[in-house]
Structures are given as structure tokens and as C-alpha cells.
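All remarks here apply to the structure that follows.
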Amino acid sequence: VSKLQILALAGSLRAASMNRLMLAMAADCAPAGVQIAQFHSLGDLPLFNPDLEAPGCVEPASVARLRLAIAGADAVLIASPEYAHGVSGVMKNALDWMVANGVFVGKPVVLWNASPRASIALAALRETLSVMTADLVIEAELCLLIQGRDGELPSNPDPLAMQQALLKLKARLCEPAAASLL
Ligand SMILES: Cc1cc2nc3c(=O)[nH]c(=O)nc-3n(C[C@H](O)[C@H](O)[C@H](O)COP(=O)(O)O)c2cc1C
């Protein structure tokens with residue numbers, strides 16, 4: 001049986017991003033049958049401009065790479081920081097590029113967050129992905145404070161919580177009809 005492929009998107013370009021680290025931790029402790037791969041090139045996307053989507057325009061290669069990575073994944077796992085009570089520009093820019101192509105339509109999406117106080121951006125992400133008609137897997141959401149001390153890289157504060165969240169995602173992906181009855 002092939003593994004479920006989860007594409008992980010971090011909304012921070014920071015070298016020491018806690019959201020990126022959270023997704024790397026998820027990849028390291030993923031339950032059997034689940035494989036998590038991060039897409040590291042959100043920073044390569046041009047600033048979204050609908051003019052660039054007009055008929056006759058060639059889709060930028062970086063946009064096509066993201067679209068194909070999402071299309072090829074069984075689910076998308078997003079972890080994004082909150083900046084000034086909003087979704088990071090990096091993440092919003094990526095999502096704006098993915099509206100017209102419809103790649104998120106019906107796509108199972110899980111929202112994680114490395115900072116529980118970033119609840120406004122989390123709610124905004126939920127709203128944006130809902131209007132894009134993604135299939136939000138609410139039961140697999142996870143807010144977990146990831147923080148390093150004295151500049152050191154933090155270790156995973158709760159691998160069990162990550163595994164349980166990923167098992168809920170796996171259950172939804174394997175038995176969509178049954179999971180929706182829970
Ligand atoms: C410009 C700026 C604005 C921020 N605004 C908020 C905010 O409104 N709410 C919040 O919870 N954190 C805010 N933060 C803190 C970041 O969300 C926090 O540093 C987070 O860890 C960044 O994610 P990263 O580690 O993945 O880069 C802000 C940080 C910056 C740099």
C-alpha cells in the first residue's frame with residue numbers, strides 16, 4: 001500500500017522559522033503510512049497580480065511547481081505565522097495564486113500553528129481556504145508552542161499530539177464517509 005503524501009507549506013521565510021520547524025518535526029514523527037514533504041519555494045512566487053493570469057499569459061514556473069505539488073498530494077498541511085493580526089504575506093500570496101486554478105477545490109487541508117496566540121491569522125486562513133472550497137480537516141488542527149531557548153533549536157514539545165493529529169487526518173483520508181459521521 002502506498003503512503004499518503006502530505007505536502008507541507010510554511011508561511012514563513014525565516015531561516016529559524018518555528019512554523020517550518022514544526023512541519024519538519026511532523027515529518028520526523030509521522031505515523032506509519034503517512035509521508036510529509038515540505039515545499040520550500042513559496043518565496044520564489046512572484047507577487048500575485050491577476051494580469052499575469054490573463055489569457056495568453058504563461059503561468060510562472062514557480063507557480064506551476066506549487067500547483068503541481070498540491071495537485072499531487074493527498075492533503076496539504078499548513079503552518080503559518082501571524083503578522084500584525086493577519087496571515088503572513090508569503091502564505092496569502094501563495095494562496096491567491098491558487099484561487100483561479102482551483103487546485104484547492106476539495107483538497108483536504110490541515111492548519112497547524114507554532115504559536116497558539118496567533119489565532120486571528122488561523123481564523124483568517126480558515127476563512128480563505130473555506131471560500132476556496134478546500135476540505136478543511138478541523139479535527140486534525142494543532143496549535144503547539146514551539147520555541148527555542150537561548151537561540152537553540154527546540155526539540156519537539158509533543159510528538160504524541162502531532163501523531164494523533166496526523167492519525168485523525170489519515171482516518172479522514174482513508175475513510176472520508178465514516179469520518180464525516182463522527
Ligand atoms: C512584523 C511582525 C508582526 C507580528 N505580529 C504578530 C501578531 O499580530 N500576532 C502574533 O501572535 N504574533 C505576531 N508576531 C510574532 C510572530 O508570529 C512569531 O514571531 C512567529 O514565531 C513567527 O513565525 P516563524 O517562527 O515561523 O517565522 C509578529 C512578528 C513580526 C515579525
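The values are calculated or read from the model by the stated rules, or taken from the named source; none is laboratory data. Keep in mind that what you see is a predicted model, and the values were worked out from it rather than measured. Quick reminder, even Gly has a Cβ in these numbers, built from the backbone with ideal geometry, and neighbours come from all protein chains shown. In case anyone asks, the SASA skips ligands and DNA or RNA and just uses the protein heavy atoms, side chains included. Shrake-Rupley method; radii C 1.70, N 1.55, O 1.52, S 1.80 Å.
Considering only 110, 34, 76, the mean-square fluctuation computed in a Gaussian network model of the chain, springs between alpha carbons under 10 angstrom, is largest for 34. Of the whole protein surface, residue 58 contributes about 130 Å² of accessible area at a 1.4 Å probe radius.
Here the calculated FRET efficiency for residue 131 and residue 152, from their Cβ-Cβ distance with R0 = 30 Å, stands at 0.15, rounded to the nearest 0.05. Taking the Cα centre of the chain as origin and assigning +1 to Lys and Arg Cβ atoms and -1 to Asp and Glu Cβ atoms, the resulting dipole is close to 200 debye.
Note on the chain: GNM, Cα springs under 10 Å; of 161, 61, 27, the largest mean-square fluctuation is that of 61.
Once a ≥ b ≥ c are taken as the square roots of the eigenvalues of the Cα gyration tensor of segment 107-182, is the result rounded (a/c under 1.5), prolate (a/b larger than b/c) or oblate (a/b not larger than b/c)?
Here segment 107-182 falls in the oblate category.
Beta-bridge orientation, segment 1-89: approximately 15 percent antiparallel, per DSSP, counting only bridges with both partners inside.
If you sort the three axes of the alpha carbon gyration tensor as a ≥ b ≥ c, you get a/c of 1.5 or more for segment 50-106 and a/b no higher than b/c, which makes it oblate. Look at the Cα gyration tensor of the chain: its axes a ≥ b ≥ c give a/c of at least 1.5 with a/b at or below b/c, and that counts as oblate.
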